[in-house]
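Please read the structure below before turning to the comments.
FYI, it's all coordinate maths here, none of it is from the lab. Worth saying up front: this structure is predicted, and the values here are computed from it rather than measured. Don't worry about glycine lacking a Cβ; one is built from the backbone with ideal geometry, like all the others, and counts go over all protein chains shown.
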Amino acid sequence: MGQTQPEFPGGFTSNHGLQGTPEFAYGMTNWWEAGFYLPFAVNGAGEFFSDGAKIRSLFVVPDAAKRSFFYGVNFELGYEMPQFSLTPWNLEIRPIIGVRNSEWELIANPIVDVGFGPGGEAVFTPALRLARNLGQDRFVGLEYYADFGRIGDFLPLREQYQELYAVTDFKVNTVDVELGIGHGFTPGSDGLMLKAIIGYAFPVPGKSDDAGTSQTTPLAMGPSTRSSQNAWSMK
């Protein structure tokens, strides 16, 4: 149950819509991962839309999966179609800051999105995750997503995107799965959203499962009028 009016003339409306993103990633070293996305959407009338393509470069502290305090930064450069953005070229800068112990993990993404060209602006779209480790690769938790608007001139609260998800993620053999249900708390948010994320890390000959930079499973979805996002790159 989403927005019935677009954010701008000709924009995508999220009500009864579906958004998806195939993502492919490769660990270049134990601190650098490269990837690309091919996002798409289907609106409530069943019309299919491409949302262009994105490339990303993730830099992290080495052996992040083994650390109690970990950090990194992810850059995404994307070409977006006019139904999804007023500016075709956009850059997302996503710092990743996290702490964990054997029972809990807290991960913050103070994200800045920058649009290039006429009408482009820098907006603040933070994300936060708090999760309980149940053991055996099982987690339950809460994920928060927001869009405050242009930096230096935030939108009034009622126009901001503010959404909270209850999530669970687990493994099915070698496949990573996250399921979530989200609810918006402002008129500028979507009313109800469902998400499902499925990921598989290909084995690397001669290396253990945790030898790479990070777990590549994306565990987040951004605001409904944006393409899906990889927020928790170092779970």
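Does at least one position in the stretch 152-173 carry a residue that is touching a strand residue (DSSP E or B) at 6+ places or on another chain (Cβ under 8 Å), within 21 Å of Ile93 (Cβ to Cβ) and among the hydrophobic types (A, V, I, L, M, F, W, C)? Yes, because at least one residue in the stretch 152-173 is touching a strand residue (DSSP E or B) at 6+ places or on another chain (Cβ under 8 Å), within 21 Å of Ile93 (Cβ to Cβ) and among the hydrophobic types (A, V, I, L, M, F, W, C).
Within the stretch 38-54, is even one residue touching a Leu at 6+ places or on another chain (Cβ under 7 Å) and more than 26 Å from Gln162 (Cβ to Cβ)? Looking for residues that are touching a Leu at 6+ places or on another chain (Cβ under 7 Å) and more than 26 Å from Gln162 (Cβ to Cβ), one finds at least one in the stretch 38-54, hence yes. Restricted to the stretch 26-70, and to residues there that are under 24 Å from Pro203 (Cα atoms) and hydroxyl-bearing (Ser, Thr, Tyr), the residue that is surrounded by the most Cβ atoms within 10 Å (Cβ to Cβ) is Tyr37. If the condition is being in contact with an Asp or Glu (Cβ under 7 Å, 6 or more places away or on another chain) and at positive phi, then the stretch 18-62 contributes only Gly52. Taking the listed residues Glu7, Glu76, the one that is under 26 Å from Leu130 (Cα atoms) and buried (at least 16 other Cβ atoms within 10 Å of the Cβ) is Glu76, with no other qualifying. Per this entry, Ala41 is not counted among residues that are hydrophobic (A, V, I, L, M, F, W, C) and within 30 Å of Glu103 (Cα to Cα). Within the stretch 123-141, being in contact with a Pro (Cβ under 9 Å, 6 or more places away or on another chain), crowded, with 19+ Cβ neighbours inside 10 Å and of a type outside the set (S, T, N, Q) holds for one residue alone: Ala127.
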